[in-house]
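A.B. asks: Just dropping this structure here.
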Amino acid sequence: MNYVVIANKYSSELQKIRQSADRQIAFVSDDDCEWNLFTDVARAEEFADSGSAVDFACLDATMQNGIGLCEKMRKNNMSAFLLLVADITLSPTEYIRPTIMPGGLLLRPFTDTQLDATMRSGWLSIRNNTADNSEVFSFVSKNEHISIPYNRIAYFEAREKKVFLNTGNREYAVYDTIDNLETSLPENFLRCHRSFIVNRALISNICISASYIEMESGACVPLSRSYKSVFKENRK
């Protein structure tokens, strides 16, 4: 599944961008798309705060508080590809900043050819990034086959007699056990508790004395006494 967000103050331009995205996605992916379309910046901000997964976002930086929307989308979706729409009334210093990190830019007025070329470049970048981290965790959730690159998985949690995969902004139920995952996952995944396995690459802080691990997403995962020695040896 490809998760796509388009926010644009002009409904006609929004539909044109969506049609272009639909055409270009077909060149790089056979997966279906979940489309989230907004002409209202407040609703787009609510979506950005919802924790929903985003692979590709095309955001109109000239919307009222459009820069704030871009920053919020980036903060909550660090791995998403952000394509910005701007014009000459907006200084590049407003949107070329570390808190946004756009992957592409469309300057109005743009042609259909320019739109398609920029859109394809963005989706090729997503495909290549996935290929660079080619190993993925594949599973079935709610009758849908899903594949998530290991580098996007923050942790696995066992609760309510189920196992949940957490990416930092979304979780999925996985039909497996923590014990089995401990032996089958890549070596970068470490057991830290009888109910948790974490991705060492996405740890931001290990607090041995307080018995917790802080992930880059802000989530805190418990660290059991029996696993503390493992994390003392595996600090970044």
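A.B. asks: Calculate, in whole percent, how much of the Cα-Cα pair population of the stretch 2-132 lies beyond 20 Å.
C.D. replies: The answer is 38 percent, as a whole percent.
A.B. asks: OK, next. Could you run the Karplus curve 6.51 cos²θ - 1.76 cosθ + 1.60 with θ = phi - 60° over the stretch 155-160 and give me ³J(HN,Hα) per residue in whole Hz, x for Gly and Pro?
C.D. replies: Once θ is set to phi - 60°, the couplings for the stretch 155-160 become 6, 10, 10, 9, 7, 6 Hz.
A.B. asks: Over all alpha-carbon pairs of the stretch 1-67, lay out the pair-distance distribution in 10 Å bins, whole %, shortest bin first.
C.D. replies: That works out to 21, 53, 25, 1, in percent per bin.
A.B. asks: For the chain, go through all pairs of different Cα atoms, get the mean of 1/r, take its inverse, and jot down that Kirkwood value in Å.
C.D. replies: 19.2 Å
A.B. asks: Also, quick follow-up: Excluding residues on the same chain fewer than 8 positions from K161, give the lysines whose Cα lies under 24 Å from its Cα.
C.D. replies: The reachable lysines, counting only those whose Cα sits under 24 Å from K161, are K142.
A.B. asks: Would you mind telling me the antiparallel percentage of the DSSP bridges in the chain, rounded to 5?
C.D. replies: For the chain, the DSSP antiparallel bridge percentage is about 60.
A.B. asks: Another question, then. Rounded to the nearest 20 Debye, what is the dipole magnitude of the stretch 2-132 about its Cα centre when Lys and Arg each give +1 and Asp and Glu each give -1 at the C-beta?
C.D. replies: 300 debye
A.B. asks: A further question follows. Order by neighbour count: D60, D116, fewest other Cβ atoms within 10 Å first, most last.
C.D. replies: Ranking D60, D116 by Cβ neighbours within 10 Å, fewest first, gives D116, D60.
A.B. asks: Then there's this: Work out the charge dipole of the stretch 1-157 with +1 on the Cβ of Lys and Arg and -1 on the Cβ of Asp and Glu about the Cα centre, then indicate which of S12, M63, H145 is farthest towards its positive end.
C.D. replies: Most positive-ward Cα: M63.
A.B. asks: Could you run the Karplus curve 6.51 cos²θ - 1.76 cosθ + 1.60 with θ = phi - 60° over the stretch 45-57 and give me ³J(HN,Hα) per residue in whole Hz, x for Gly and Pro?
C.D. replies: Once rounded to whole Hz, the list reads 5, 4, 5, 4, 7, 6, x, 5, 5, 9, 9, 9, 10.
A.B. asks: Only helical DSSP H runs with n ≥ 4 go in: add -39500 (n - 2.57) per run for the chain, normalise by residue count and round the 222 nm mean residue ellipticity to 500 deg cm²/dmol.
C.D. replies: Value at 222 nm, helices only: -9500 deg cm²/dmol.
A.B. asks: With unit charges on the beta carbons (Lys and Arg positive, Asp and Glu negative) and the dipole taken about the Cα centre of the stretch 154-233, which residue among S226, L165, V198 sits farthest to the positive side?
C.D. replies: Most positive-ward Cα: S226.
A.B. asks: Which order results if R18, R194, R74, R159 are arranged by neighbouring Cβ count within 10 Å, fewest first?
C.D. replies: Exposure proxy ranking, most exposed first: R159, R194, R18, R74.
A.B. asks: Next question. When a/c is below 1.5 the answer is rounded, else prolate if a/b is larger than b/c, else oblate, so apply that to the stretch 126-212 with a ≥ b ≥ c taken from the square roots of the Cα gyration tensor eigenvalues.
C.D. replies: Verdict is oblate for the stretch 126-212.
A.B. asks: Mind sorting E46, E13 by how few other Cβ atoms lie within 10 Å of their own Cβ, fewest first?
C.D. replies: Ranking E46, E13 by Cβ neighbours within 10 Å, fewest first, gives E46, E13.
A.B. asks: I've got another one for you. Using a Cα-Cα cut-off of under 22 Å, which lysines could be cross-linked to K72, ignoring same-chain neighbours fewer than 8 residues away?
C.D. replies: The qualifying lysines are K9.
Every read-out reported here was derived from the displayed coordinates using simple, explicitly stated rules and does not represent laboratory data. On a predicted model such as this, the values are computed, not experimentally measured, just so you know. With ideal geometry, Cβ positions are generated from the backbone for all residues, glycine too; neighbour counts draw on all protein chains shown.
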